[in-house]
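Have a look at this one before I ask anything.
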Amino acid sequence: MKNIPHDYYLKFVNPSVYDEVLDFHSSGNYTIHEAFQRRTCLHSISDENIVQLTGNELRLYADMDLTFPVSASSYEGLSCLYRNESCEHFLPSEIDFSIVEKLVGPLLSRNKESYKRGYPSGGALYPVEVFICSLFEGNHSWPYSGKVLHLLPNSGRFEVVQSAVNVDQLKKSLLTVSQSVGCPSFALIYMVYLPKVIFKYRYRGYRLALMEVGSIYMLVELRAKSLGLVCRLWSGYTDTMLSKSLGLNPAMFLPMCVHFVGEAHESI
């Protein structure tokens, strides 16, 4: 087959492994809806303890100083490898689609003779699917009326998602709790197609998929910095709501992370 139908992977999947991985993934899902916002909470940890536990480094021997400094030369020439800090508030701005194309460049296969892409993938599974979503209804440079594109890294093409995606509904599924981040120009949604994740390595394939998501979003962060854009990783969404807003089966396509991209006066 020249192009494998996505459901062909199901032929090679163990049903019990599939169900258990899906159950495990679902246990980390949020149910975020305005109807429940005053009735649910994530934890009961005090603000004081949150400050104490956040952003610190983990020392194995907290009561002993068994450390020595990293050489100052280790910091030389690293400016291109430091990402911008996360954007606190996006400005409403229309970014030309040519910039979007440049942003995803590092994710593509380097040449047509190889399936290898710009990031590592355990066993060459490449289970992460990247969806690029315009969050502006009237983006004049967007190539199609459909506001969601699926990246095909091997062929270097965009696949136009055929579901009738409503931009307002998509934004609601992404920004259910807070609009404090402003107006990102577009979002990259990192999905995994579960049958492709587990057919070869079973449970361990899920771990490899998580690793791959991290590789991808760091490349995007660095590329965005070089293009003068700002980003923010986002997890404040409900998986099933987001998958359905894209017209995807929420039992097979699992959103792992959302990456907002746009412009801002400053970042934090």
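Values in this text are rule-based calculations from the coordinates and carry no lab data. Note that this is a predicted model, so its numbers are computed, not measured.
For the range 76-143, compute Rh as the Kirkwood radius over C-alpha pairs and then the Stokes-Einstein diffusion coefficient at 37 °C and 0.692 mPa s; write the answer in µm²/s, rounded to an integer.
Value of D from the Cα-based Kirkwood radius: 213 µm²/s.
Also, quick follow-up: For the range 76-227, what does the relative contact order come out to in percent, with C-alpha contacts under 8 Å and a separation of six or more?
For the range 76-227, the relative contact order is 36 percent.
Give the separation of the Cα centroids, the range 111-189 to the range 210-242, in Å.
Centre-to-centre distance over Cα atoms comes out at 11 Å.
State, as an integer percentage, the relative contact order of the chain based on alpha-carbon contacts under 8 Å between residues 6 or more apart.
29
Starting from the Kirkwood Rh over alpha-carbon pairs, what translational D in µm² s⁻¹ does the range 211-268 have by Stokes-Einstein at 4 °C and 1.567 mPa s?
D, rounded to a whole number, is 101 µm²/s.
How large is the translational diffusion coefficient of the chain in µm² per second when you combine the Kirkwood radius over alpha carbon pairs with Stokes-Einstein at 4 °C and 1.567 mPa s?
63
Additional query: Please work out how many pairs of lysine residues in the chain are eight or more positions apart (or on different chains) and have Cα atoms closer than 23 angstrom.
Total qualifying Lys-Lys pairs in the chain comes to 20.
If you don't mind, there's one more thing I want to ask. Relative contact order, percent, of the range 179-268 when contacts are C-alpha pairs under 8 Å separated by at least 6 residues?
Answer for the range 179-268 is 48 percent.
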